[in-house]
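A quick write-up on the structure given underneath.
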Amino acid sequence: MRRAERELDWPALDRLAEAHPKGSERKYLETRKWLERKLDAALLLGLAAGPPLDILDIGTGGGHFPYVARHFGHRVVAVDLPEIALYDALCAWLGVEKHDVRVEARTPLPDFGRRFDLVTAFMLGFNTKADGTLFTLDDWAWFLDDVRANQLKPGGRLLLKMIRQAERCGPKYGDPELMRLFAGRGARFLEADRYAIFEPLR
Ligand SMILES: C[S@@+](CC[C@H](N)C(=O)[O-])C[C@H]1O[C@@H](n2cnc3c(N)ncnc32)[C@H](O)[C@@H]1O
């Protein structure tokens, strides 16, 4: 991983930072930090060894997780909202092809032409609906059903990393009803990282 990092075009990242002087996405310019975190996640998921997997990364942001997973030989489809200039530029800089996809409540994810061994969503934001409220429990159940039925291979895994979203109305990570729903679908929880890992998603 260190060698892969060294091979990145770091002066180009400086130019990219200058070209995008504003916006909350600028925190993702701290490439080493984000690659380190995603490396930890990849190790947790056992991605450093074993056969190549098909992975879908939802809300990929700057593409740091796909970059790490690809380093270990996995095939990753990276998706995010369209037209977030710095995310697009970071993905391009890392050589991660990003597809424009908006996840919406009770709307199936697109057909990507293949099934996945693993679906990931780190620090996810797609559970905020158009009216600013969060996915209800039924919306979550719908999403989990869609991922299991239409995206995952049999026995496939799902990783969700949730952020606080304290200011929003609706079920949040840590709320007993949401944790019960997730646990009932096969999740174990790593509290420190706020990871829910469904192994497999049921
Ligand atoms: C906090 S960032 C995390 C980025 C990346 N996963 C990471 O861990 O570095 C949340 C991401 O979710 C994306 N996102 C938010 N709402 C979305 C939606 N409805 N559909 C797809 N992506 C969404 C954002 O554009 C952003 O890239």
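The values are calculated or read from the model by the stated rules, or taken from the named source; none is laboratory data. Everything numeric in this text was worked out from a predicted model, so none of it was measured. FYI the Cβ positions are ideal-geometry reconstructions off the backbone, even for glycines, and counts take in every protein chain you see.
Scan the range 59-71 and tell me whether some residue there is in contact (Cβ under 8 Å) with a residue 12 or more places away in the chain, over 15 Å from the mean Cα position of the chain (by Cα) and farther than 15 Å from A4 by Cα.
no
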query = Could you list, in sequence order, the residues of the range 23-43 that are modelled with pLDDT under 95 and either in a loop (DSSP other than H, G, I, E, B) or under 15 Å from A121 (Cβ atoms) (or both)?
reply = G23
inquiry  = Tally up the residues in the range 183-202 that are of a type outside the set (V, I, T) and either part of a strand (DSSP E or B) or within 16 Å of W142 (Cα to Cα) (or both), please.
reply    = 13
ask   = If you go through the range 92-107 one residue at a time, how many are within 10 Å of the ligand (Cβ to nearest atom) and either closer than 16 Å to D57 by Cβ or part of a helix (DSSP H, G or I) (or both)?
value = 5
task = Kindly list the number of the only condition in (1) part of a loop (DSSP other than H, G, I, E, B); (2) within 12 Å of the ligand (Cβ to nearest atom); (3) of a type outside the set (D, E, K, R) that fails for G73.
result = (2)
inquiry  = If I filter the range 161-168 for residues that are polar (S, T, N, Q) and either part of a helix (DSSP H, G or I) or free of Cβ contacts under 8 Å to residues at least 12 places away in the same chain (or both), do I get at least one hit?
reply    = no
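Do we have L44 as buried (at least 20 other Cβ atoms within 10 Å of the Cβ) and touching a residue at least 60 places away in the same chain (Cβ under 8 Å) here? Step through it out loud before you land on a result.
Values: buried (at least 20 other Cβ atoms within 10 Å of the Cβ): no; touching a residue at least 60 places away in the same chain (Cβ under 8 Å): yes.
In short, no.
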inquiry  = Residues to consider are P110, P52, P11; find the one that is of a type outside the set (D, E), away from the ligand (no atom under 16 Å from the Cβ) and either closer than 20 Å to L160 by Cα or part of a helix (DSSP H, G or I) (or both).
reply    = P11
inquiry  = If P171 meets every condition in (1) buried (at least 16 other Cβ atoms within 10 Å of the Cβ); (2) in a loop (DSSP other than H, G, I, E, B); (3) touching a Lys or Arg at 6+ places or on another chain (Cβ under 9 Å) apart from one, which number is that one?
reply    = (3)
key: Residue list for the range 113-135, filter: away from the ligand (no atom under 12 Å from the Cβ) and surrounded by 18 or more Cβ atoms within 10 Å (Cβ to Cβ)   = F116, D117, L118, V119
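Using the structure shown, decide if L16 is more than 20 Å from A192 (Cβ to Cβ), in contact (Cβ under 8 Å) with a residue 12 or more places away in the chain and out of contact with any Asp or Glu (no Cβ under 9 Å at 6 or more places or on another chain).
On the way: more than 20 Å from A192 (Cβ to Cβ): yes; in contact (Cβ under 8 Å) with a residue 12 or more places away in the chain: yes; out of contact with any Asp or Glu (no Cβ under 9 Å at 6 or more places or on another chain): yes.
So L16 passes the test.
Which residue, of A149, A187, A166, is modelled with pLDDT of 95 or more and surrounded by fewer than 15 Cβ atoms within 10 Å (Cβ to Cβ)? Lay out the reasoning, then the answer.
On the way: A187 fails: surrounded by fewer than 15 Cβ atoms within 10 Å (Cβ to Cβ); A166 fails: modelled with pLDDT of 95 or more.
On inspection, the qualifying residue turns out to be A149.
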